[in-house]
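Beneath this line is the structure, given in structure tokens, with notes to follow.
None of the figures in this text is laboratory data; all of them are computed from the coordinates on show. Because the structure is a prediction, the values reported are computed rather than measured. Here the Cβ is made from the backbone with ideal geometry for all residues, glycine too, and neighbour counts use every protein chain on show.
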Amino acid sequence: MTGADAAPLRIDVITIFPAYFSVLEVSLLGKARERGLVDVRVHDLRNWTEDVHRTVDDSPYGGGPGMLMRPEPWGKAIDEVAGGAPQEAEGRALDDVAGASSPPRLVIPTPSGRLFTQQDAVAWAQDERLVFAPARYEGIDARVAADASRRMPVEEVSIGDYVLAGGEAAVVVMIEAIARLLPGFMGNAESPVTESFTPDAGGAALLEAPAYTRPASWRGLDVPEVLLSGDHAAVARWREEAARRRTAQYRPDLLD
Ligand code: 6GU
């Protein structure tokens, strides 16, 4: 079965900046959407506000700088987009709900979350549905994640040890990491196995060795001789060694 025959991965994004996600229409990801590998839908959080100013923020209890996102719009948005609102399921067995399937995974980007890794990308690429809830301001009232986790898996994840102005860029990063793993995305059926952060047969995840293309000599710099040799075993040994050296230099934590 090729990627195009499989049901597309459905991705919903709930945001106060829907326009931000126009970036998902270009490049390889745009093609994946056209080819039916992913079905991305972006929703404006303010559609679930009820006041005339469409307010989504408020000051934090206990004081402190900045504003937080209020729980009510998020609660309603997640209920509607992810399904499984408490009142909706009440009094009915789960199988009785029309079209009921397992609830989507809810991904809440936050610098206070655990680190998002390649393993998450691999696991989530196998899901049927993902819902992303990127926050602005100082984050979302903590009860939103607590409430949602009563009926769906909730992932609070960070994309690295630095602070962004909002979760939108983190969502684009995660969607790209996930979508490129979908069968058919790369234009071939083979999954990308030999790349940084993907454990090899021995379970080691190394950074990739440096790579070269023509010309063999450029600005006085020569491509390592072994890569021109045609000796596949020798090339594999060189790449393994170069990967170890690079990992020791840039990411010694990965060698432990
Ligand atoms: Cl997921 N959000 C924000 N605002 N900053 C971050 C992040 C997420 N991951 C790293 N920094």
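Helix 71-82 axis versus longest C-alpha principal axis of the chain: approximately 70°, rounded to the nearest ten. For the chain, the share of DSSP beta bridges that are antiparallel, to the nearest 5, is 15%. Each residue, residue 150 and residue 248, gets one label point 7 Å from its Cα in the Cβ direction; the gap between the two is 5.4 nm.
Out of 217, 101, 112, any idea which swings most in a Gaussian network model of the chain, alpha carbons joined below 10 Å? It is 217. Amide H contacts of residue 40 (H built 1.01 Å from N, in plane; Pro and chain starts excluded): 11 sit under 5 Å, all sequence-distant by 5 or more or on other chains. Here the Karplus curve 6.51 cos²θ - 1.76 cosθ + 1.60, taken at θ = phi - 60°, turns the phi angles of the stretch 41-50 into couplings of 10, 10, 10, 8, 3, 5, 5, 9, 8, 10 Hz, with x standing for Gly and Pro. Summed over all non-identical Cα pairs, the Kirkwood treatment of the chain gives a radius of 21.1 Å. Ordering 53, 124, 106 by the projection of their Cα atoms onto the charge dipole of the stretch 9-179, which places +1 on the Cβ of Lys and Arg and -1 on the Cβ of Asp and Glu, puts 124 at the extreme positive end. For residue 162 and residue 180, the difference between the fully extended length at 0.36 nm per residue and the C-alpha to C-alpha distance is 4.0 nm. With both labels modelled 7 Å from their Cα along Cα-to-Cβ, the residue 219 to residue 53 distance reads 5.5 nm. Label separation (residue 31 vs residue 17): 2.8 nm, computed from points 7 Å beyond Cα along the C-beta direction. Loop-only check: which trypsin sites (Lys or Arg not before Pro) in the stretch 107-171 are DSSP coil with at most 16 other Cβ within 10 angstrom? When the trypsin sites (Lys or Arg not before Pro) of the stretch 107-171 are filtered for loop state and at most 16 Cβ neighbours within 10 Å, 150 remain. For residue 158, the residues whose amide H sits under 5 Å from its own are 110, 113, 114, 115, 116, ignoring neighbours fewer than 5 places away on the same chain, with H placed 1.01 Å from N.
Calculate, for residue 67 and residue 117, the FRET efficiency according to 1/(1 + (r/R0)^6) with r their C-beta to C-beta distance and R0 51 Å; round to the nearest 0.05. Please list the in-between numbers first.
Details: r = 30 Å, r/R0 = 0.59.
Using R0 = 51 Å, I get an efficiency of 0.95.
Relative to the dominant Cα principal axis of the chain, helix 232-250 is inclined by about 50°. Taking the longest Cα principal axis of the chain as reference, the axis of helix 168-179 is set at about 60 degrees.
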